[in-house]
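Working notes, beginning with the structure itself.
Rule-based calculations on the coordinates, nothing more; no lab input. The model shown is predicted, which means the values in this text are computed figures rather than measured ones. A quick note on method: Cβ atoms are made from the backbone with ideal geometry, for glycine too, and the neighbour counts reach across all protein chains shown.
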Amino acid sequence: MKRVLNNRFVAILFLLCTLNVAYAEEFSAKVIGVIDGDTVLILRDNMPIKVRLAEIDAPEKAQAFGEESKQSLAELVLNKQVRVDSQAIDDYGRLVALIKVDELNVNYEQVQRGMAWASSRSNRGKTLLVLQNGAIEAKRGLWAQIDPIPPRKWRKTHAVSRPQYAVKNNTCGSKRYCSQMNSCDEANFYLSHCNVKSLDKNNDGVPCESLCRAKK
């Protein structure tokens, strides 16, 4: 019995290590969409994947400088081949990663331009804080405002809810058609993480045109 338990423990440990390796990898991909100042849509092996830029937090789209932050990121990466250094999967089902265009660290560049905050949970806090302090001193981007509100604080006072389809273990439901989708984010989740190809009939990486094209 003890040997069986040990074998099961080893198998579980191996599975966990395999999952961590899957999340922690580097690969090249093309950016086919920019959702906001810290989130993009990439195409890898003909599969669209939503990527959240690690260790930074950009203004929400409804927040001051939200649109400017999105445009800044689009200028840096849209329709370009990038290097993705994946770190994890977040609670929304997005890949969390560092992104580079050639040797330019895009995550860092957004902070340096004053288009995003350095995350308080960053593993590279010192470097990002130096870049952020430089942006503050130069009053670049959002730092031109008198009292900019961090996105995490702004979200607490505004109705920014977590998508219900991704709350519990990022479980894929039974939805298969655009008529069943409540938002473009939900359609992207089902396409990129549940491989529901019926949502992207023309194979352009954008699901449910009536929802997602209108959103752009």
Show which aspartates and glutamates lie in cross-link reach of Lys126 when reach means a straight Cα distance below 14 angstrom and same-chain residues fewer than eight apart are skipped. Glu55
Residue exposure sequence - Asp36, Asp102, Asp90, Asp147 - by fewest surrounding Cβ within 10 Å: Asp147, Asp102, Asp90, Asp36
As a footprinting exposure proxy, order Tyr92, Tyr190, Tyr108, Tyr177 by other Cβ within 10 Å, with the fewest listed first. Tyr177, Tyr92, Tyr108, Tyr190
Within a 10 angstrom radius of the beta carbon, how do Leu142, Leu76 rank from fewest other beta carbons to most? Leu76, Leu142
